[in-house]
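The values are calculated or read from the model by the stated rules, or taken from the named source; none is laboratory data. Please read these numbers as outputs of a predicted model, since none were measured by experiment. Note that each Cβ is placed from the backbone with ideal geometry, even for glycine, and that neighbours are counted across all protein chains shown.
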Amino acid sequence: MSLIDNPDHARRLARAIISDVAIYNREKVVEGIRNDTIFEILEGELQEGRQHFATRITPELAATNIFDLAIVDVLIKRAGKIESPIW
């Protein structure tokens, strides 16, 4: 399997990985948003996702913030309806 070198494809992969993290950890997401501890609660899952992402893309893309932007877009923004002191 060849590594992804297209930034758009890398963004789609990152978003898919973060979507899976959110789907399989709904309770943790709600708790983390409510208590402003989302990154601590999902630390292991996000690290595993980041490692998987890095194995599928070129080193040049791995050095970007694509994965971090996906966390914000998919995990944080979608949780905006959850009551939280964050917002």
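Being assigned to a helix (DSSP H, G or I), in contact with a Pro (Cβ under 7 Å, 6 or more places away or on another chain) and of a type outside the set (Val, Ile, Thr) is the requirement here; does LEU13 meet it? Considered against the rule, which asks whether it is assigned to a helix (DSSP H, G or I), in contact with a Pro (Cβ under 7 Å, 6 or more places away or on another chain) and of a type outside the set (Val, Ile, Thr), LEU13 comes out as no. The single condition from (1) at pLDDT 90 or above; (2) crowded, with 18+ Cβ neighbours inside 10 Å that ILE33 fails is (1).
Among the candidates ALA70, ALA22, the residue that is closer than 18 Å to LEU3 by Cβ, among the hydrophobic types (A, V, I, L, M, F, W, C) and either under 13 Å from the mean Cα position of the chain (by Cα) or outside any helix (DSSP H, G or I) (or both) is uniquely ALA70. Set side by side, the residues ARG56, ARG15 differ, and just one is in contact (Cβ under 8 Å) with a residue 12 or more places away in the chain, under 30 Å from GLU83 (Cβ atoms) and of a type in the set (Lys, Arg), which is ARG15. Candidates are the residues of the range 36-49 that are touching a residue at least 24 places away in the same chain (Cβ under 8 Å) and assigned to a helix (DSSP H, G or I); the one that is farthest from ASP8 (Cα to Cα) is ILE38.
Within the range 17-26, the residues that satisfy the criterion of being loosely packed, with under 14 Cβ neighbours inside 10 Å and either over 15 Å from GLY44 (Cβ atoms) or touching a Pro at 6+ places or on another chain (Cβ under 8 Å) (or both) are ILE23, ARG26.
Would you confirm whether any residue within the range 44-61 is aromatic (Phe, Trp, Tyr), surrounded by fewer than 17 Cβ atoms within 10 Å (Cβ to Cβ) and at pLDDT 95 or above?
Scanning the range 44-61 turns up no residue that is aromatic (Phe, Trp, Tyr), surrounded by fewer than 17 Cβ atoms within 10 Å (Cβ to Cβ) and at pLDDT 95 or above.
The residues of the range 30-63 that are more than 19 Å from ILE4 (Cα to Cα), within 14 Å of the chain's Cα centre (by Cα) and acidic (Asp, Glu), listed by number, are GLU40, GLU43, GLU45.
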